[in-house]
Amino acid sequence: ARQATADKLLTPKLYKSLTEVLDLLDDIRVMKPDAAIQEVIARLQYLEYLKAYAQGNSMDFTAREENIQQLIYSASQKDTLIDYLEEAALVKEDKQDEEQTASSGINLSTIHAAKGLEFGAVFVVGCEEQLFPHWKALEEHAGIEEERRLMYVSVTRAERYLYLSCADYRKGQYNVRSRFLDEIADVLG
């Protein structure tokens, strides 16, 4: 790519685009991984792209934005891009190993992906206010109802055993149990 831009073998539009990508790669090379990801997102206007892609579906955009925030958080745990990328490669290798031995073990899934499936035992973790129900859903009655529906979906995935858990303390702050836990307890008597 560098040779092609140096020799100006490309059309002006391709030359400009490829030069921008190379400049971006040069700029992030020495950054901490989380800062590098944020720089890429900002320069590529990726959040704006996701908003347009979601086409007004705020829950879809929110889920994608949260995934990006989790990516940035995990990247902040490493000091260099090389360290982060090596860990990501190891995680991928571990995932491939797990897929080869998928006949036994556990399945980790989102509630959305588990819809229509049943499991002998189900663990629903993170049953805390601001997390489940999500803080953005608390703004509207319809948002709370959607979160309640998702809790119903998750609970009904269990064939025999259901475990609901919450953390008293997460990411440096105290948590309040999810209102859904109390609602379930009230129904069970």
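The values are calculated or read from the model by the stated rules, or taken from the named source; none is laboratory data. Because the structure is predicted, anything quoted here is derived from the model rather than measured. Using ideal geometry, Cβ is built from the backbone for each residue, glycine included, and neighbour counts are taken over all protein chains shown. Note: accessible area is taken over every heavy atom of the protein model, side chains too, but ligands, DNA and RNA are not part of it. Shrake-Rupley method; radii C 1.70, N 1.55, O 1.52, S 1.80 Å.
Just one of the listed residues (Asp83, Asp79) is open to solvent by 80 Å² or more (accessible area, probe 1.4 Å), modelled with pLDDT of 75 or more and either of a type outside the set (S, T, N, Q) or not in a helix (DSSP H, G or I) (or both), and it is Asp79.
Sort out which residues of region 24-45 are in contact with a helix residue (DSSP H, G or I) (Cβ under 9 Å, 6 or more places away or on another chain) and either touching a residue at least 60 places away in the same chain (Cβ under 8 Å) or loosely packed, with under 13 Cβ neighbours inside 10 Å (or both), and write them in order of number.
Arg29, Val30
To keep it simple, each residue is scored yes or no on (1) touching a strand residue (DSSP E or B) at 6+ places or on another chain (Cβ under 7 Å); (2) surrounded by fewer than 17 Cβ atoms within 10 Å (Cβ to Cβ).
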position	(1), (2)
Arg148	no, yes
Arg157	yes, no
Asp168	yes, yes
Tyr174	no, yes
Asp182	no, yes
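A Cβ distance below 6 Å, combined with a sequence gap of six or more or placement on separate chains, defines the contacts here; from region 132-157, residues that are more than 23 Å from Arg170 (Cβ to Cβ) reach residues that are β-branched (Val, Ile, Thr) and open to solvent by less than 40 Å² (accessible area, probe 1.4 Å) in the pairs Arg157/Val122. If you go through region 46-59 and keep only what is closer than 17 Å to Gln70 by Cβ and without any contact (Cβ under 8 Å) to a residue 60 or more places away in the chain, you end up with Tyr46, Leu47, Leu50.
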